[in-house]
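Everything on this sheet refers to the single structure shown next.
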Amino acid sequence: MVHLPFPTGAYRPRVTVLLPPAGLHPLTLHLGPVPSDVQAAVSALRGPDGRLPERAAHAALYAQVEADGGLVGFCLAEERNAEPGSSWAYHDAAGPELGALVVAPRWRGRGLGAALVGSVARAVAASGRTACAVTAPGSPAVAVNRRLGAVVAGTFRRGGEELWLWDFAGAGRVPGGATAAAPRGARG
C-alpha cells in the first residue's frame, strides 16, 4: 500500500469549521487507515456499504467532523486499490480518489460536505499530487465537486451505471474562506 508523504508523529492538521446550531466544531484530518470505530460511525450515517472496509484500509487520510455527540461528517482519500468493485479498474488517475463522503441529515446544506472534500483535496495537493473522485451524475457530490472547482475528466460505465471521473487539479478551495463553511444566511 502506498501512502501520501504526510508528516508523522505529533503533527495533527486541524481546521475549524463554523456551523450552526452549536457553534464551533473541529474538522480534523487524520492519516489512514480509518479505524474500525470511525468506520462503524460512517456506516451508521451512510447505511450498508460493502466497499467501506476496503476503502478505509486503503485510505491515505480522512477528514471528520464530530458534533451532537457523534460523527456528523466524513470523507477519505483512497490510494489505488484492486479490490473487486473498486472504480480503480475503470480509470487511470494517478492521485488518490476522494470518496465515502457523508454528512448527517441535520447538517446538510451548510457547506460541511464542501469543507470535508476541500480539506482532503488541499491535503492531497499539499503532498504534490492531484485528487480525483468518481460520482454518479445524479449524486449530491456533483454539486460539492463543482463548488470546489473540480472538472469532469471523463466518464465510464461500471455494472451498467454511468460514472463521472472528477479531476481536482486547482480545486480544493471552499468559497467564502479557505477553511470555513458559512452557515445558511450568513453574510460574508
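The values are calculated or read from the model by the stated rules, or taken from the named source; none is laboratory data. Quick caveat: nothing in here was measured; it's all calculated off a predicted structure. No Cβ is skipped: glycine too gets one built from the backbone with ideal geometry, and neighbour counts run over all protein chains shown.
In the stretch 91-110, what residues are surrounded by 15 or more Cβ atoms within 10 Å (Cβ to Cβ) and either modelled with pLDDT of 90 or more or part of a helix (DSSP H, G or I) (or both)? Give the steps one after another, and end with the answer.
Quick first cut of the stretch 91-110, residues surrounded by 15 or more Cβ atoms within 10 Å (Cβ to Cβ) only: 91, 93, 95-104, 107, 110.
Listed by number, the residues that qualify are P96, E97, L98, G99, A100, L101, V102, V103, A104, W107.
Output the residues belonging to the stretch 111-162 that are part of a helix (DSSP H, G or I) and either of a type in the set (S, T, N, Q) or loosely packed, with under 15 Cβ neighbours inside 10 Å (or both). Before the answer, list the steps.
Kept after step one, since they are part of a helix (DSSP H, G or I), are these residues of the stretch 111-162: 112-126, 141-147.
Passing the criteria: S119, A126, A143, N145, R146.
Residues being crowded, with 24+ Cβ neighbours inside 10 Å, in a strand (DSSP E or B) and of a type outside the set (F, W, Y): count how many of those fall in the stretch 46-64. Let's see the steps before the verdict.
Within the stretch 46-64, the first condition is being crowded, with 24+ Cβ neighbours inside 10 Å, and the residues that meet it are 55, 58-63.
With in a strand (DSSP E or B) added as a condition, the list becomes 59-63.
Now restrict to residues that are of a type outside the set (F, W, Y): 59-61, 63.
Counting residues in the stretch 46-64 that are crowded, with 24+ Cβ neighbours inside 10 Å, in a strand (DSSP E or B) and of a type outside the set (F, W, Y) gives 4.
Hey, does the stretch 3-21 have a residue that's modelled with pLDDT under 85, among the aromatic types (F, W, Y) and more than 27 Å from G159 (Cα to Cα)? It would help to see each step written out before you state the result.
Applying the first criterion (modelled with pLDDT under 85) to the stretch 3-21 yields 3-21.
Pick out the ones that are also among the aromatic types (F, W, Y) and you get 6, 11.
Among the residues that remain, those that are also more than 27 Å from G159 (Cα to Cα) are: 6, 11.
Within the stretch 3-21, one or more residues are modelled with pLDDT under 85, among the aromatic types (F, W, Y) and more than 27 Å from G159 (Cα to Cα).
With in contact with a helix residue (DSSP H, G or I) (Cβ under 9 Å, 6 or more places away or on another chain) and among the hydrophobic types (A, V, I, L, M, F, W, C) as the only criterion, which of V120, V134 stands out? Spell out the reasoning first.
Numbers: V120 fails: in contact with a helix residue (DSSP H, G or I) (Cβ under 9 Å, 6 or more places away or on another chain).
Step by step, each of V120, V134 is checked, and only V134 is in contact with a helix residue (DSSP H, G or I) (Cβ under 9 Å, 6 or more places away or on another chain) and among the hydrophobic types (A, V, I, L, M, F, W, C).
Among (1) at pLDDT 90 or above; (2) closer than 18 Å to V102 by Cα; (3) of a type outside the set (G, A, S), where does T130 come up short?
It is condition (2) that T130 fails.
Among (1) of a type outside the set (K, R); (2) closer than 30 Å to T155 by Cα; (3) modelled with pLDDT of 85 or more, which single condition is V65 missing?
(2)
Given (1) touching a His at 6+ places or on another chain (Cβ under 6 Å); (2) closer than 22 Å to C132 by Cβ, identify the lone condition not met by H30.
(1)
Given the criterion at pLDDT below 90, within 16 Å of N145 (Cβ to Cβ), of a type in the set (S, T, N, Q) and in contact with a strand residue (DSSP E or B) (Cβ under 7 Å, 6 or more places away or on another chain), identify the matching residue among S119, S87.
On the way: S119 fails: at pLDDT below 90.
The conditions single out S87.
Output the number of the condition that V72 fails; it satisfies all remaining conditions of (1) assigned to a strand (DSSP E or B); (2) crowded, with 24+ Cβ neighbours inside 10 Å.
Checking V72 against (1) assigned to a strand (DSSP E or B); (2) crowded, with 24+ Cβ neighbours inside 10 Å, the one that fails is (2).
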